[in-house]
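Take a look at the structure set out below.
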Amino acid sequence: MKYSRLFVFCAALLVGIAMQSCCCNDGCGIEGEGYKWQNGMIVFDEPARVAGQESMLGFAAEPIPVVRVGFVGIGMRGSAAVQRFTHLQGVEVKGLCDLVQENIDKCQKMLTDAGMAAADGYTGEEDYKKLCERDDIDLIYVATDCTNHVKVALYAMEHGKHVAVEVPGAITLDECWALVDTSERTRRHCMMLENCVYDFFELTTMNMAHQGVFGEIVHAEGAYIHNLEPYWEGSYKNWRIKFNQSHRGDLYPTHGFGPICMALNMHRGNKMTYLVSIDTKSVNGLEVGKKLLDVDEFLNGDHTTTFIKTELGQTIDLQYDVYSPRPYDRRYQLTGTKGFASKYPISGYTFTEGMLKEGVVPEGATVNPHGFASQEIMAAAMDAYKHTIHQEIEEVAKKVGGHGGMDFVMDYRLIYCLQNGLPLDQDVYDAAEWSCITHLSSVSLKHNSVPVAIPDFTRGDWNKLDGVTFHMK
Ligand SMILES: NC(=O)c1ccc[n+]([C@@H]2O[C@H](COP(=O)([O-])OP(=O)(O)OC[C@H]3O[C@@H](n4cnc5c(N)ncnc54)[C@H](O)[C@@H]3O)[C@@H](O)[C@H]2O)c1
């Protein structure tokens, strides 16, 4: 009896050791494709910085009093940007590049109607190169489908141009590193056009968070929940549904995530450590795929959830669902030790005693740690913590529009910083950090939701800047 128990124990031990060694090397098939299994996580190899290449943290270029712009991709999103640029001071639109001549004609008309000079038009698949090679352009604004973002951005930086690129900035981890390395080597800005950072609720709430109104933030939630049923057929040659059909993971992370990263000071004293993802089967996605693409397989799950851990011990819950009949929802919720903020599904704040600045809570009103603050307190708090940027540009932005004005605030800030030789609000590390969720979530899903380490694209400098700064002259 005694011996048989010893035998069972030893056998179990051997099986345990065998299983462990299996999961620590190629045996479980988890290594390869540029990553290894380490501390219970998939960890991607991080390319070393090449000699002579320097960090772009806090980078400011020479001031450009009149910013000369070339647009690549002027479909739905790019043409709206051209329209907004007609309301900016100190810009010249030099070139318009798209595969569809009608889009170019439409944007030319926007320019001339606004009293601006017509730009040169380019229509070939590779014509963006001609635009980037010009020596009378400072900024290339990229709003092609997401699979073309990086090739255009890299070519532009290699030819001395600053780059602004639509969301998501990149799809793969290699693409994220390529943006970082090219920006560092060429000393050109590469800003991802994450407009939600400039939304009136998000920016005001970021200001509150940075001033400690919510105490210490311990948890945040973000999402892109948007029933795209009416929009699938609007994209050029159906690129959007084709992309979703062939990719698993959170394919559009940055709207919900970017503003959270700003509130949590990511790579400005904080960093992400790892993520895990889980997804549902595809039901509605598959239906759309069958209808539009005649396929019987659809890789993207109807609902994808990703959990992220940060260096400062916070958790982030990020969701992606563009198939279900639900109200639009970016979530943007911050849970702090002393308060709570929520943009969706209900917009409101929970404040606690003594956390708001003196005089913000109207006389006779009280805060309630168990419910949302009254509309009166919310309005007073949003006014008291309005960001300087909004104080300056809110009125014009609301008139020009673009998702209620935030798109114009974004373009205004991009041009303002370039004109004044200031660091941009969003740097290339933001673009890489926020975009890499797509690839890393797909890797986690491929391996039954294992944790995947999130690279530090600053290569160790994540703690050098003390919080987020939106520079003013
Ligand atoms: N920030 C936001 O709120 C927001 C909203 C919608 C879309 N987007 C992003 O904007 C981008 C564009 O989306 P969209 O809805 O305008 O798509 P779209 O299909 O309407 O437009 C894409 C355009 O890119 C052009 N294009 C493709 N390849 C090109 C090339 N090699 N050279 C020149 N032009 C090329 C096409 O001709 C097309 O007109 C996408 O990355 C999308 O994710 C962002």
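The values are calculated or read from the model by the stated rules, or taken from the named source; none is laboratory data. Since the structure is predicted, the reported quantities are computational estimates derived from the model, not experimental observations. Cβ coordinates were reconstructed from backbone atoms using ideal geometry, including for glycine residues, and neighbour counts include every protein chain displayed.
Structure notes:
- Yes/no for Ala178 being in contact with a strand residue (DSSP E or B) (Cβ under 8 Å, 6 or more places away or on another chain) and modelled with pLDDT of 95 or more: no
- Among (1) part of a loop (DSSP other than H, G, I, E, B); (2) without any contact (Cβ under 8 Å) to a residue 60 or more places away in the chain, the one test that Lys129 misses: (1)
- Inter-residue pairs, beta-carbon under 6 Å, first within 12 Å of Gly269 (Cα to Cα) and in region 448-473, second in a loop (DSSP other than H, G, I, E, B) and among the acidic types (Asp, Glu), 6+ apart: Trp462/Asp456
- For region 160-176, the count of residues that are away from the ligand (no atom under 15 Å from the Cβ), among the charged types (D, E, K, R), under 17 Å from the mean Cα position of the chain (by Cα) and surrounded by fewer than 21 Cβ atoms within 10 Å (Cβ to Cβ) is at least one.
- Remark: pairs (first residue in region 188-214, closer than 15 Å to Gly258 by Cβ and free of Cβ contacts under 8 Å to residues at least 60 places away in the same chain; second residue aliphatic (A, V, I, L, M) and within 16 Å of the ligand (Cβ to nearest atom); Cβ separation under 6 Å; 6+ apart in sequence or on different chains) are absent.
- Any helices (runs of 4 or more DSSP H) falling wholly within region 322-423 and containing at least 3 residues that are in contact (Cβ under 8 Å) with a residue 24 or more places away in the chain and within 16 Å of the ligand (Cβ to nearest atom): 406-419
- Residue count, region 199-214 (criterion: within 16 Å of the ligand (Cβ to nearest atom) and touching a His at 6+ places or on another chain (Cβ under 8 Å)): 3
- Of all residues in region 215-231 being within 11 Å of the ligand (Cβ to nearest atom) and in contact (Cβ under 8 Å) with a residue 12 or more places away in the chain, the one that is nearest to Asp427 (Cα to Cα): Tyr224
- Which numbered condition Met191 misses (of (1) hydrophobic (A, V, I, L, M, F, W, C); (2) closer than 13 Å to Val72 by Cβ; (3) crowded, with 23+ Cβ neighbours inside 10 Å): (2)
- Within this structure, Leu154 fails the test of being under 24 Å from Val468 (Cβ atoms), within 16 Å of the ligand (Cβ to nearest atom) and part of a helix (DSSP H, G or I).
- Selection over region 93-126 of residues that are part of a helix (DSSP H, G or I), more than 9 Å from the ligand (Cβ to nearest atom) and not acidic (Asp, Glu) gives a count of 9.
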